[in-house]
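Scroll down for the structure; my scribbles are underneath it.
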Amino acid sequence: AGAAGCGGDDGVPPGDPTTDPLSAAERSALVFTREEEKLARDVYGALASNGQTFVNIGDSEQRHMDAILTLLERYQVPDPAATTAVGEFVDPALQGLYRDLVAQGAPGSVDAFTVGCLIEELDLRDLDLARLDVTHADVDATYASLALGSRNHLRAFHGKLIAAGGSYQPQYLDQATFDAILASPHEQP
């Protein structure tokens, strides 16, 4: 049974939705990305006492979640976040990561900004991996838009971290990629 292609502006960056069903890899990546964006939103909400940056980027993560939800609905893929509360995840690895990251960021702003860098770096790595299996232009365009946002978020968190006296070494991206992101200016969608 196929997925329905949609016309019109539904908040997803331009692409060519097709009536071809998603591959198993595309379906799996969308489901994971929906929860990973929720992870970012929920962790930033838990760390919001550390400044407006967490509130603003948390709002952006909600828009990322909404963009992925549009694709899940378009291709009739069940939403893993449909019945989970803030801080709850279907994926047990993300559930554990949520608990760990909130605890890691709780001591203070340097710790919280470090967690922000880590989440955005992880998102970028996972979006790059997801794009390897994409055959649908609308899915690829959405991932590209999310990656642009994550690069901007990484720059913001890293700048705040350095200003607060902290430092950060990349955990998921190679040093050259990480440095290139930080050296480039804020990107516009």
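The values are calculated or read from the model by the stated rules, or taken from the named source; none is laboratory data. Nothing here was measured: the structure is a model prediction, and the numbers come from that model. Surface areas here come from the heavy atoms of the whole protein model, side chains and all, with no ligands, DNA or RNA. Shrake-Rupley method; radii C 1.70, N 1.55, O 1.52, S 1.80 Å.
What ³J(HN,Hα) values, in whole Hz, does the Karplus curve 6.51 cos²θ - 1.76 cosθ + 1.60 give for segment 132-148 when θ = phi - 60°, with x put for Gly and Pro?
5, 9, 7, 10, 9, 4, 5, 5, 4, 5, 5, 4, 5, 5, 5, 5, 4
Measuring with a 1.4 Å probe in the full set of protein chains, what accessible area per residue, in whole Å², belongs to segment 143-189? Don't skip to the answer; put the middle values down first.
Values: 2440 Å² over 47 residues.
Heavy-atom SASA per residue in segment 143-189 reads 52 Å².
Under the Karplus relation 6.51 cos²θ - 1.76 cosθ + 1.60, θ = phi - 60°, what is the ordered set of whole-Hz ³J(HN,Hα) values for segment 83-94, x standing for Gly and Pro?
Those phi angles translate into 10, 9, 7, 4, x, 10, 9, 6, 6, x, 5, 5 Hz.
At a 1.4 Å probe radius, which order do Tyr44, Tyr98 fall into by accessible area, largest first?
Tyr98, Tyr44
Dividing the alpha-carbon radius of gyration of segment 128-179 by 2.2 N^0.38 Å (N being the number of residues), what value is obtained?
Output field value: 1.40.
Mind grabbing the accessible area of Asp91 for me, 1.4 Å probe, Å², rounded to tens?
Around 40 Å² of this residue is reachable by solvent.
With every protein chain left in place, what is the accessible area of His153 in Å² (1.4 Å probe, nearest 10)?
The accessible area comes out at roughly 20 Å².
Relative to the present Cα-Cα distance, how much length would full extension add between Ala85 and Gln169 at 0.36 nm per residue of separation?
The span from Ala85 to Gln169 would gain 27.0 nm if fully extended.
Give the carbon-plus-sulfur fraction of the accessible surface of the chain in %, rounded to a whole number; probe 1.4 Å, heavy atoms of protein chains only.
Numbers: 4650 of 8660 Å².
Carbon with sulfur: 54 percent of the solvent-accessible area.
Probe 1.4 Å, all protein chains in place: accessible area of Asp59 in Å², nearest 10?
80
Quick one: order Phe32, Phe157 from most to least accessible surface, probe 1.4 Å.
In descending accessible area the options line up as Phe32, Phe157.
Rounded, prolate or oblate: which one fits segment 62-187, using the alpha carbon gyration tensor with axes a ≥ b ≥ c (rounded when a/c is under 1.5, else prolate when a/b beats b/c, else oblate)?
oblate
Could you give me the ³J(HN,Hα) list for segment 182-187, computed from phi with Karplus coefficients 6.51, -1.76, 1.60 and θ = phi - 60°, whole Hz, x at Gly and Pro?
Ordered by residue, 3J(HN,Hα) equals 5, 7, 8, x, 3, 9 Hz.
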